[in-house]
Every structure is written in structure tokens, then in C-alpha cells.
Amino acid sequence: MPLDVAEVELQRIAEHQEENTTGNVTEYQPNVVMLGLSPSNYVLRAFTNIHTNDLEQALLALPFSDGLKLLSYFKDWTSNPDKVELVCRVTTVLLQTHYNQLVTTPAARPVLTLLKDILYERVKESKDTLGFNLAAMDHLKIRCTL
């Protein structure tokens, strides 16, 4: 599963950085399976390859621990305006599915608080862009009819 591969890669990166601080400098060899992508981008690629119709079913089958790991990647994903819709959809399904566990898990609070602030801002930006583009399309429509 991509989440597991990314988690192992994050551990390898942390171990490599720790070795470098102790003076045992070696060149880092990235995981070949991840095709040179960062762990976050690898998981993002896996989720963007899931068809929209199958995404909800895939998320419903995801255990809570993996759902919590997945939520931690969303901060990086929202920096890409094209992925805001995907992040909102996945977040909504995960919140609906694991609401009781998320509320009672102390480790989930900082992640959810951060996501709340970031997602609100990113959705507002996307909404503003969409409104601007619609206004421009209306303007062009009027100009073309003249």
C-alpha cells in the first residue's frame, strides 16, 4: 500500500538525517519503488490514480490509523490548487467515517486544526478564482455578441 511505502521512506529519511548529524555522512539512496517522488507526492499520485467513483469505497476500507496518516499529508497537497477538490473530498469521507475516533484521539487534534485553517483558505481562494473566471466568461460572451 502506498501509505506503508511512504511511511517506511519517511523513517529511512529520518535515519539518514540522524546519521548525518553524528558525522557518518553517506549518500541517501531513495526508494526505487517511489519513482523518485517524495513520500507525500507518492501517496498523492496513488490517490489521484483512483477513479472518482472508487475513491469513496477505497477510503471506507481504510483503517483509522491509515486515515490519520493520510490526513497528515494533506497540508502538502493543498499547496497545489489543482488538488484542493481531492483533499476536500477525501477529508469529508474520512471525517464522516472516523468521526468518533478522530474526536477522541489527542494526536488528531493538531492535524485537524491545521487542516481546518488551510482548507478554509484554499477553498476560498478556489472559489474566488472560479468567480473571477465566470465573470470573465460572461464579459467575453457579451463582447462576442456585440
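The values are calculated or read from the model by the stated rules, or taken from the named source; none is laboratory data. Just so you know, these numbers come straight off a predicted model, no measurement behind them. Here the Cβ positions follow ideal geometry from the backbone for every residue, glycine too, while neighbour counts run over all protein chains shown.
Structure notes:
- Qualifying residue in region 125-146 (condition: touching a Lys or Arg at 6+ places or on another chain (Cβ under 8 Å) and of a type outside the set (Val, Ile, Thr)): no
- Those residues of region 1-38 which are surrounded by 15 or more Cβ atoms within 10 Å (Cβ to Cβ), in a loop (DSSP other than H, G, I, E, B) and modelled with pLDDT of 80 or more, in sequence order: Leu37, Ser38
- Each residue in region 76-109 was checked for being outside any helix (DSSP H, G or I) and in contact with a Phe, Trp or Tyr (Cβ under 6 Å, 6 or more places away or on another chain), and 1 of them qualify.
- Scanning region 55-65 for residues that are in a helix (DSSP H, G or I) and closer than 12 Å to Gln101 by Cβ yields Phe64, Ser65.
- A single member of Lys124, Lys116, Lys69, Lys141 is part of a helix (DSSP H, G or I) and surrounded by 15 or more Cβ atoms within 10 Å (Cβ to Cβ), and it is Lys69.
- Cβ pairs under 7 Å, 6+ apart, first in region 58-84 and farther than 18 Å from Arg45 by Cβ, second assigned to a helix (DSSP H, G or I): Leu60/Thr97; Phe64/Gln101; Gly67/Leu94; Leu68/Ala108
- Test: Leu130 is at pLDDT 90 or above and either touching a Pro at 6+ places or on another chain (Cβ under 9 Å) or surrounded by 14 or more Cβ atoms within 10 Å (Cβ to Cβ) (or both): no
- Looking across Ala108, Ala135, one residue alone is among the small types (Gly, Ala, Ser) and either within 21 Å of Val43 (Cα to Cα) or touching a helix residue (DSSP H, G or I) at 6+ places or on another chain (Cβ under 7 Å) (or both). It is Ala108.
- The residues of region 122-145 that are within 30 Å of Phe74 (Cβ to Cβ) and of a type in the set (S, T, N, Q), listed by number, are Ser126, Thr129, Asn133.
- Some residue of region 91-107 being within 17 Å of the chain's Cα centre (by Cα), closer than 20 Å to Leu3 by Cα, assigned by TED's automatic domain parsing to the domain that holds Thr129 and small (Gly, Ala, Ser): no
- All told, Val84 meets the bar of being under 30 Å from Ile13 (Cα atoms), at pLDDT below 90 and in contact with a Ser or Thr (Cβ under 7 Å, 6 or more places away or on another chain).
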